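Read through the structure below, which is laid out as structure tokens, and then see the notes.
None of the figures in this text is laboratory data; all of them are computed from the coordinates on show. Because the structure is a prediction, the values reported are computed rather than measured. Every residue, glycine as well, gets a Cβ built from its backbone with ideal geometry; the counts of neighbours run over all protein chains shown.
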Amino acid sequence: MAPFATPMRSASLQLSALLCILLCSEVWVLQCGAAIGINYGQVGNNLPTPAQVVSLLSSLRVGKVRIYDVNPQVLAAFAGTGIELIVTVPNDLVQPMAASAGQAMQWATANIKPYFPATRVTGIAVGNEVFTDDDEALKASLVPAMRNLHAALAQLGMDGYVHVSTASSLGVLANSYPPSQGAFTPECAPLMLPFLRFLAETNAPFWINAYPYFAYKADPANVSLSYALSDPYHVGAVDPYTHLQYTSMLYAQVDAVTFAAARLGYGGIPVFVSETGWPSKGDADEVGATVENARAYNRNLLVRQVGNEGTPLRPRQRLEVYLFALFNEDMKPGPTSERNYGLYQPDGRMVYNVGLAQQQTTSAASLSLAASSAPPTRL
């Protein structure tokens, strides 16, 4: 079955105008090479020390890292490494930060200023997946909190270096296929308008947590595994309205968010992937959670990253992707898959080889693309 379901027809002139706006607004240019991003979670009781983690990351082709707090040991360990770091304001601080500019200044002064610029903090995620939370007060507080934090950074002279945004789940979309029909849910759309306005005013990206694994697990009989795994050689699917060809469900999901933002008048905002991954192990009912699929998914994304590949809608704008996650985390709640997204075991052993060759040096392990790797198909 084709990966795209047949959507309701919409006015072709409206879509043509929307597509024109999106293509003409491709002005946000990345200034990075083949560096990849990775999420460094810490929900485990057997993880390496921050210094050991930094040593590992510094020896790999990893130039961007996202963490879920502002752990002072982690922030200090990243000093002088040149690795770009996204840190997080926890959900329980969003409402206090929205209610008080002083609270935002206190947080920035205590958690960012002492480490900057030696530690290269380039982004702050205010909350995580707030727009799909059940707490209405939390959702209403998000943008005010972001504005207070951005104002605090401006007073500290850091607003030109540190983006303020938030990471949202794909649940903010009512429609994600085909990408040109991407639209926010009726519940999220009113909240998205002030959020997108803030991103446009501050030149900040829209971060999305997107997992094709969940789409495949939910309907393995009708969702193509190769498409979900971002296989660059898979025939993929063609958007019937834009005629753009997609060989990656993840890239299609990103373009769906871009179209949804454009429908609200903000098609120029870059959309990046703050989380994506595939579990290497799961419970009996978690279809597709295998080492082979996890290896294939992350490998395919790494190849696309090294090829500086953009989405079909934004072919000249390399898609920034943060893989989830660096380590398996044994204290994460939920099904078995939640504890098995890592590329590495806590003791430093690879969970699986994603097609990267590990070579021992006198100091640490280094990681480079295997010479036998094939380049991705260009769209």
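May I ask you to derive the FRET efficiency for Ser100 and Glu201 from their Cβ-Cβ distance with R0 = 22 Å, giving the value to the nearest 0.05? It would help to have the intermediate numbers written out before the result.
Values: r = 21 Å, r/R0 = 0.97.
Efficiency computed from Cβ-Cβ geometry: 0.55.
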*Can you list residues whose amide H is under 5 Å from Thr166's amide H, if they're 5+ apart or on another chain and H is modeled 1.01 Å from N?*
Val126, Trp207
*About its Cα centre, how strong a charge dipole does the stretch 102-189 have in debye, to the nearest 20, once Lys and Arg get +1 and Asp and Glu get -1 at the Cβ?*
460
*Nearest-20 debye value, the stretch 15-369 charge dipole, Cβ charges on Lys, Arg, Asp, Glu*: 940
_Can you compute the modelled spin-label distance between Thr49 and Lys281, with each label point 7 Å from Cα toward Cβ, in nm?_
2.7
*Enter the Cα centre distance for the pair the stretch 169-194 and the stretch 246-305, rounded to the nearest angstrom.*
16
*Identify, among Leu156, Val273, Met249, the residue whose Cα sits farthest towards the positive end of the charge dipole of the stretch 156-301, taking +1 on the Cβ of Lys and Arg and -1 on the Cβ of Asp and Glu, with the dipole about the Cα centre.*
Leu156
